[in-house]
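Accompanying notes for the structure given below.
A short reminder: the numbers here are calculations on the coordinates, not readings from a lab. Note that this is a predicted model, so its numbers are computed, not measured. Because the Cβ atoms are built from the backbone with ideal geometry, glycine has one as well, and the counts that use them run over all protein chains shown.
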Amino acid sequence: MKTCHVCGFACENDAEICALCGAELKTFEMYEQELKEAEERKAKEAAEEALIVKKPVLAASVDNVVAAEIYKDVLRDNGIVFTCDESDDAMQIVFGGGFNAQEIYVNESDLEIAQQLYENVVNAQMDFDDCEFDEFDEFEEFEEE
């Protein structure tokens, strides 16, 4: 016999509704499961909401495809949500042999740190471009004997 949680009436085991008061008969485990599912839905919705750029501002306009990918990786690593004009045709070659710049947007609240991270990426790229690779100049090919 199931006991109604509202009025205490003893109902049949297969009953879904209390014959006396009409309350839905659920076990404690059913209530726990519903609560758990509701909490999981809320958590999932909150996680999806966190991935939305609500007040987008331009963080950087990057014309180097490699630098743009590095910058986006740095933003991801720092937990900064971003969006960009990335699409199938985002990397178009334009007249003169250049590429279209990729505009990367972040939330207004993340702008300052995003711009600092961009400066770090640009400075690291310049340091890499400026270094000389003398050890590669001394590389000799081995001939087959």
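Data table
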| item | result |
| --- | --- |
| Cross-link partners of K54 among lysines (Cα-Cα below 27 Å; sequence separation of 8 or more within a chain) | K42, K44, K72 |
| Nearest-0.05 FRET efficiency for S109 and S61, computed from C-beta distance (R0 22 Å) | 0.65 |
| Residues K42 and A19, FRET efficiency given R0 of 35 Å [Cβ-Cβ distance, rounded to 0.05] | 0.50 |
| Net +/- balance of residues flanking H5 in space, Cβ distance below 15 Å, scoring K and R +1, D and E -1 | -3 |
| Order of Y71, Y31 - criterion: other Cβ atoms within 10 Å of each residue's Cβ, fewest first | Y31, Y71 |
